[in-house]
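Some notes on the structure that comes next.
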């Protein structure tokens with residue numbers, strides 16, 4: 001049977017095509033399957049990309065107001081009733097850019113005009129030949145059929161050998177020889193174990209001799225030969241056009257998931273920070289930095305009504321919270337933040353309590 005023959009080095013070179021021709025299945029990196037590996041598809045999936053830019057959530061900074069000094073020099077007496085914490089809020093406008101790429105279904109074709117010679121899907125598992133227990137795929141030919149040596153699986157071995165596993169009957173089965181339609185269809189079947197069409201579907205090193213799985217196992221050091229790659233191949237366009245819809249391509253329990261949609265969102269600060277009176281709710285957050293205050297007391301005692309609850313009050317375009325000294329953990333250095341949208345906003349207020 002005539003077919004397009006590729007030696008191992010040439011086929012593996014296809015797997016090293018430039019990145020624009022390789023699509024990494026997003027599911028492969030997070031697969032829960034026991035057979036791990038990275039899927040690559042050739043040729044590339046066509047896609048459409050759109051980008052939109054919209055106003056985003058403002059970026060915030062706080063500015064410390066008296067009586068706490070912005071230079072962290074405030075030192076309050078411990079007997080003081082409350083420490084008034086006050087912030088101005090500075091906001092900067094942001095933009096959010098969203099890029100969405102929608103991928104067309106992968107195109108499996110090999111054409112007689114030579115414009116597309118090959119379609120293939122590669123997996124690089126860590127297996128021996130005997131550990132490959134399932135090779136399966138769903139397919140439907142929309143143009144042509146299996147002939148000339150494909151559709152097939154190629155199992156590349158680390159020693160340079162290749163074991164080819166054919167859909168249909170590579171010795172015949174239709175007017176063009178090999179056929180994968182009608183009674184010869186192997187769609188969805190596990191070619192390692194399925195003998196419904198023929199058991200002589202295995203070939204070693206383009207020998208032209210088609211044999212059984214048991215013989216292939218014996219020829220690969222009783223299955224102990226290391227596998228360097230597994231590839232589903234469609235490449236008989238030299239004979240006539242081939243087009244097929246292919247899905248659920250699986251090696252053992254690792255099934256290829258083609259790209260469908262990817263969305264990337266980035267937010268960037270696009271303007272300068274300026275004081276704003278548009279104040280979102282801000283929670284109080286404080287932490288004790290160390291138990292040893294430094295410097296002399298330079299702030300007066302103050303008895304004011306203490307605030308309760310977790311949120312700052314909003315008064316005259318600023319945040320205010322009268323922090324009860326009794327709620328703190330004794331003498332030391334403290335830092336207080338306004339927390340907006342789940343984030344402690346910089347710059348905090350810092351003071352000593354003696």
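The values are calculated or read from the model by the stated rules, or taken from the named source; none is laboratory data. None of the values given here were measured: they were computed from a predicted structure. Cβ placement follows ideal geometry from the backbone for every residue including glycine, while neighbour counts extend to all protein chains displayed.
Yes/no per residue for (1) modelled with pLDDT under 95; (2) surrounded by 16 or more Cβ atoms within 10 Å (Cβ to Cβ); (3) part of a strand (DSSP E or B):
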{"residue": "48", "(1), (2), (3)": "no, no, yes"}
{"residue": "51", "(1), (2), (3)": "no, no, yes"}
{"residue": "54", "(1), (2), (3)": "no, no, yes"}
{"residue": "62", "(1), (2), (3)": "no, yes, yes"}
{"residue": "71", "(1), (2), (3)": "no, no, no"}
{"residue": "79", "(1), (2), (3)": "yes, no, no"}
{"residue": "87", "(1), (2), (3)": "no, yes, yes"}
{"residue": "91", "(1), (2), (3)": "no, yes, yes"}
{"residue": "98", "(1), (2), (3)": "no, no, yes"}
Exercise for the section: Specify the residue that is nearest to the chain's Cα centre (by Cα); the eligible residues are those in the range 266-279 that are exposed (fewer than 12 other Cβ atoms within 10 Å of the Cβ) and within 21 Å of residue 53 (Cβ to Cβ). Expected result: 266
Handout entry: Tabulated pairs, the range 29-48, first farther than 14 Å from residue 123 by Cα, second modelled with pLDDT of 90 or more and exposed (fewer than 11 other Cβ atoms within 10 Å of the Cβ), C-beta under 6 angstrom, 6+ apart or interchain
Key = none
Exercise for the section: Could you tell me whether any residue of the range 260-268 is within 30 Å of residue 189 (Cβ to Cβ), in contact (Cβ under 8 Å) with a residue 60 or more places away in the chain, in contact with a helix residue (DSSP H, G or I) (Cβ under 8 Å, 6 or more places away or on another chain) and part of a loop (DSSP other than H, G, I, E, B)? Expected result: no
Problem - Selection count where residues are in contact with a helix residue (DSSP H, G or I) (Cβ under 8 Å, 6 or more places away or on another chain) and at pLDDT below 95, scope the range 114-134 - result: 1
Handout entry: Test set (1) closer than 19 Å to residue 190 by Cβ; (2) at pLDDT below 95 - residue 137 fails condition number
Key = (2)
